[in-house]
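**Q** After the structure tokens below, expect a handful of questions from me.
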Amino acid sequence: NAMFSWQRTSFHFQPQKNWMNGPYLGESHLVGCAADPNGPLFHKGWYHLFYQYNPDSAIWGNITWGHAVSSDLIHWLYLPLAMVPDRWYDINGVWTGSATILPDGKIVMLYTGSTDESVQVQNLAYPADLSDPLLLDWVKFDGNPVLVPPPGIGLKDFRDPTTAWIGPDGKWRITLGSKVNKTGISLVYTTENFITYELSDHYLHEVPGTGMWECVDFYPVAINGSNGLDTSVNGPGVKHVLKASLDDTKVDHYAIGTYFVSNDTWVPDNPKEDVGIGLKLDYGRYYASKTFYDQIKERRILWGWINETDTEADDLAKGWASVQTIPRTVLFDSKTGTNILQWPVEEIESLRLTSNSFTDVVVEPGTVVPLDIGTATQLDIFADFEVESSGSKETGNDISGCGDGAVDRNKFGPFGILVLADDELSELTPIYFCTSNAKTYFCADETRSSKANDVFKQVYGSQVPVLDGEKYSMRVLVDHSIVESFGQGGRTVITSRIYPTKAIYGAARLFLFNNATGVTVKATLKIWQLNSAFIHPFPFDNIQG
Ligand code: DQQ
């Protein structure tokens, strides 16, 4: 539907629009809802992304595993569906799961099936031919399901197995999310063969009041160093991140803590910032994320699902829904010691075209400064801000969050950039800092992002640590209708799904703004234009000659 074509992104992975002669449905149609990333892995030169996919419609249902490959995490080739709901144990949906690469190179895929009676069970699948770099054919194990809900667990509260890790006893462990009453929990199972499992006496962790945990993710991070860690790594110098996607609020929350392999429990560093009551992975539109270890580049990569905020009717009209974030590397922040750092994978830089630099641009209180960069729909923006000393010892208003958005005025802010804005500023999305003497918030204000009335527009954001001597710094990826914003090197991240109607194509502009009442800010920026990525069907005819 040409009416919505500008909402398609140019370098974010999204479902295929025209699925011609799909292997499952056998006819051409305009479709596609792509949700949770599933089973990411690297195999024989290809990064594989599977995802929850409805091949029949742009809204959730008929859940299959879509499949795509990339050699660089940026350019993608759509492959035939990897798994479809065709057995009693997954006929109501091939739901979320994770891959484990065994030491001998075999690949184990565990996923949740919704059975003919809508019971959630765990199933085992594996590639038919490991020598196929594309891993086109997946075999579902004869003995499925391998796990059914244990006593005391609701039949519909048992899903999303993680990547397995191995303990010093030689046994593999997986965890998966559930709830008991309103307490979110993660169950641990041990296994030696991925066919038979033993339930641990302990939960890996539980947090009262957080409800059903979906898409649990559990992985080690190095306290020092710039490499990611494979999932089984543990010991001194290692902390563990536990992430749960909260079904009740549709938010991905994480916490950092210590994993005790002796009884398979995890304890948060700071109980006040426990899973589901503290940090969010992303403060914007983001859910059901999952990491994997990239054994080639020794990094841990995080993917998340950016869901829509328009109406289902609009999604049906445009024929597709949902986008995946640019993959992000994840590291422990050794400077703060309290958070992870998320950063777009370095491969995004291969899309860079021309750049513009601006040094020490003065932005007076209450002003907007245009940045003349030409087209402003596909950008990689780095912006640093210095707040000019006000010369007085007087403190600013205390602030308690992102407030009502960028229109709020305090002594020290907000200040930042306006992305996807038109010349008249009738549409704009401010990405900004709000600061006082005591703390700083990193925010994205979507309230004026679109003239459309029937889309959800919110002010998003959270506190961001700014250490002594640091400038306020942000990196922002702009891609037509997606804005991914990284504050202070990725300490606080906000993904925006917006629907501009005026600030599109050549009409989109970039501005600086400063809504402080008491201070001038100086901005230094480097801005790259980004090329579009190739995201196409795999050219099977060519490779078959
Ligand atoms: N989506 C899947 C579930 C998961 C949920 C079903 C999270 O496995 O819990 O499509 O978005």
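What follows draws every value from the coordinates through simple rules; no lab data is involved. Worth saying up front: this structure is predicted, and the values here are computed from it rather than measured. Backbone-built Cβ (ideal geometry, glycine too); neighbour counts: all protein chains shown.
**Q** Calculate for the chain the 222 nm mean residue ellipticity that helices alone would give, adding -39,500 (n - 2.57) per DSSP H run of length 4 or more and normalising by residue count, nearest 500 deg cm²/dmol.
**A** Calculated at 222 nm, the ellipticity per residue is -500 deg cm²/dmol.
**Q** Looking only at GluC sites (Glu not before Pro) in DSSP loops with at most 16 other Cβ atoms within 10 Å, what is the longest site-free stretch of the chain?
**A** Answer - 193-297.
**Q** So, counting K/R as plus one and D/E as minus one, what does the shell of residues with Cβ under 11 Å around L418 add up to?
**A** Overall, the nearby charge balance is -1.
**Q** With a sphere of radius 9 Å drawn around the Cβ of G167, what net charge do the other residues whose Cβ falls strictly inside it have (Lys, Arg +1; Asp, Glu -1)?
**A** Result for the neighbourhood of G167: 0.
**Q** Further, regarding this structure: Determine the relative contact order of the chain: mean sequence separation of Cα pairs under 8 Å and six or more apart, normalised by residue count, in whole percent.
**A** Rounded, it is 14 percent for the chain.
**Q** How big is the dipole moment of the chain about its Cα centre under a simple scheme where the beta carbon of each Lys and Arg is +1, that of each Asp and Glu is -1, and everything else is neutral? Debye, nearest 20, please.
**A** 640
**Q** What lysines does K457 reach when the alpha-carbon gap must be under 21 Å and sequence neighbours fewer than 8 apart in one chain are set aside?
**A** K250, K280, K318, K502
**Q** If you don't mind, there's one more thing I want to ask. Please give the per residue volume of the convex hull enclosing the alpha carbon atoms of the chain, rounded to a whole number of Å³.
**A** Residue-normalised Cα hull volume stands at 149 Å³.
**Q** Sticking with this one: Which of the trypsin sites (Lys or Arg not before Pro) found in segment 203-250 are in a DSSP loop and have at most 15 neighbouring Cβ atoms, other than their own, within 10 Å?
**A** Here the trypsin sites (Lys or Arg not before Pro) that fit, given the DSSP loop and packing criteria, are K250.
**Q** Something else about it: Tell me, H75, H240 in order of fewest to most beta-carbon neighbours within 10 Å?
**A** H75, H240
**Q** List the aspartates and glutamates whose Cα sits under 15 Å from the Cα of K297, skipping any in the same chain fewer than 8 residues away.
**A** K297 reaches D72, D230, E346, E347.
**Q** While we're looking at this one, here's another question. When the dipole is taken about the Cα centre of segment 347-530, and only Lys, Arg (+1) and Asp, Glu (-1) are charged at their Cβ, what size is it in debye, to the nearest 20?
**A** That gives a dipole near 140 debye.
**Q** Toward the positive end of the charge dipole of the chain, about the Cα centre and with charges on Cβ (Lys, Arg +1; Asp, Glu -1), which of Y78, Q122, N227 goes farthest?
**A** Among Y78, Q122, N227, the one farthest towards the positive end of the dipole of the chain is N227.
**Q** Also, I was wondering about something else. From the backbone phi of segment 224-235, what are the Karplus-calculated ³J(HN,Hα) couplings (6.51 cos²θ - 1.76 cosθ + 1.60, θ = phi - 60°) in whole Hz, Gly and Pro given as x?
**A** 10, x, 10, 9, x, 10, 5, 5, 8, 5, 8, x
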